[in-house]
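Asks: Here it is, the structure in full.
Values quoted throughout were computed directly from the atomic coordinates according to the rules given, and no laboratory measurement underlies them. If you're wondering where the values come from, they're calculated on a predicted model, not measured in any experiment. Every residue, glycine among them, receives a Cβ derived from its backbone with ideal geometry; neighbour counts consider all protein chains shown.
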Amino acid sequence: MQTETLGRYLRWAGIVVGVLVVLYLLFHFIGKTINLLLISAFFAAAISPLVEELEKRKIPRAWAIAIIYTVLLFVIVLTIAPAPSIIAELSLFFTKLPELINQINIPDVSVFGITREQVLNLLQSTFILDRLQEVGRELASRTVSITVSLINALGITLLTLVFTAYFVINAPTLVPRLLFLLPPKLRVEVEVLLPPINRCLGAYVLGKIGTSALLGFLTYLAISTVKVPYAGALGLLVAVTNLIPFIGPVLGLIPMVIAAWKMGTTIVVTVVAISFVLQQLEAWFLQPWLVGPYLNLDPFELLLSLLIGAEIAGVLGVLIAPPVAGTARIIFNHIAKKYNLVEDQDNTPPLPTAETVVDALELPSPDIDSACEKL
């Protein structure tokens, strides 16, 4: 018996080692192709919930993908078309940032123990300003090459979209064929977990990126109406920094305040109000509707995932930590429910009523008829 168990373990260990060796060789020789396929599979999982919603409205799967791609390509064209002017504007903003900061006159008051000198030292940090100026000069010198790189990236994006469309269209038959390689019990578990994981990834990718892009565009429109300089660059910074939970809105607001400072207190207050209103719009309407129901993370779990992601992979880790943590949460909930590790809230007993309390205490029930006769 022990020999059979040991043999089974050794067989599984050999299979795992063989799979790892094959994966290493594949990544070593055709790593770029595998990365392209993995990215396509990720986006296929992201847009699958949206495709399924369109299918419920009697739209064929192929036409649903065509509609999504049309909107996506329209957004990509709108992004690339103004790229040269936005890059030039962003480089000019970074280059003139020290001059803009020197124009800021901060009142000599202490707020939460933070003095005026500490704020100025932070804003005028030589290390930060030198890095930003270097980025500005690099962008200014490579505006054309960056635009060409964006166009080249568009070709790779189109190829990725082709693979993504293939995966989504053939998902009903492709997924069972891939899962056929797994043991029957594990295959059933994966089939149960795939739909909620797809919804989680789709909600975060489409929801977070979509809301961030919309927030950046609305910021650009709003601050352009009050003539704040570098509006295009500031809108782009808001869209990018908004991808970072918690501190992203603050990071996007600081450049706007710096750019608007020389225009007077009224414009600065207006810029802060615009940022506040747009953030409330995202927090109360867009995020709960698009992302909240599917990410399934409480604030502590989200913060913990961000810290771990930042520790492992820096900024990239911060961006991908929420969907990874959401997926882990879905798997944990499934395992906990299967093995009864936590109580099922749906099966909690109802609150006791007056009758159940009386029965439990074995008290005599009141005779209402005799009481009425005495009255």
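Asks: Provide LEU179, LEU23, LEU100 in ascending order of the number of other Cβ atoms located within 10 Å of each residue's Cβ, fewest first.
Replies: Ordered by Cβ neighbours within 10 Å, fewest first: LEU23, LEU179, LEU100.
Asks: Another question about this same structure. Compute from the Cα atoms of region 182-342 the Rg and the Dmax, the latter being the longest Cα-Cα distance, and quote both in angstrom.
Replies: 19.2, 68
Asks: I would also like to ask the following. Positive end of the charge dipole of region 182-342 (Lys, Arg +1 and Asp, Glu -1 on Cβ, about the Cα centre): tell me which of PHE332, ALA233, VAL269 has its Cα farthest that way.
Replies: PHE332
Asks: Which FRET efficiency, nearest 0.05, do ILE30 and THR265 yield, Cβ-Cβ r, R0 35 Å?
Replies: For R0 = 35 Å, the calculated efficiency reads 0.05.
Asks: Further, regarding this structure: Would you kindly derive the ³J(HN,Hα) couplings of region 302-307 from the backbone phi angles with the Karplus curve 6.51 cos²θ - 1.76 cosθ + 1.60 (θ = phi - 60°), listing them in order in whole Hz, with x for Gly and Pro?
Replies: 5, 5, 5, 5, 5, 5
Asks: A follow-up question, please. Taking the simple approach of a point 7 Å from Cα along Cα-to-Cβ for both GLU191 and VAL75, what is their distance in nm?
Replies: Distance between label points: 3.3 nm.
Asks: For ALA13 and TYR339 in one chain, what is 0.36 nm times their gap in residues minus the Cα-Cα distance, to one decimal in nm?
Replies: So the extension gain works out to 114.8 nm.
Asks: Once you have the Cα-Cα distance between GLU53 and LYS227, take 0.36 nm times their residue separation minus that, and quote the gain in nm to one decimal.
Replies: Working it through step by step, the gained length comes to 58.5 nm.
Asks: DSSP loop (so not H, G, I, E, B), at most 16 other Cβ within 10 Å: list which trypsin sites (Lys or Arg not before Pro) in region 172-244 pass both filters.
Replies: When the trypsin sites (Lys or Arg not before Pro) of region 172-244 are filtered for loop state and at most 16 Cβ neighbours within 10 Å, LYS227 remain.
Asks: Each residue of region 52-68 in order: what ³J(HN,Hα) in whole Hz does its phi give by Karplus 6.51 cos²θ - 1.76 cosθ + 1.60, θ = phi - 60°, with x for Gly and Pro?
Replies: Going residue by residue, I get 5, 5, 5, 5, 5, 8, 6, 9, x, 4, 5, 5, 4, 5, 4, 5, 4 Hz, with x marking Gly and Pro.
Asks: Determine the gain in length on full extension of the stretch LEU38-ARG177; use 0.36 nm per residue of separation and subtract their C-alpha separation, reporting nm with one decimal.
Replies: 48.3 nm
Asks: Which of the lysines could a cross-linker bridge to LYS337, judged by Cα under 30 Å and excluding same-chain residues fewer than eight apart?
Replies: Here the lysines satisfying the reach criterion relative to LYS337 are LYS56, LYS185, LYS208.
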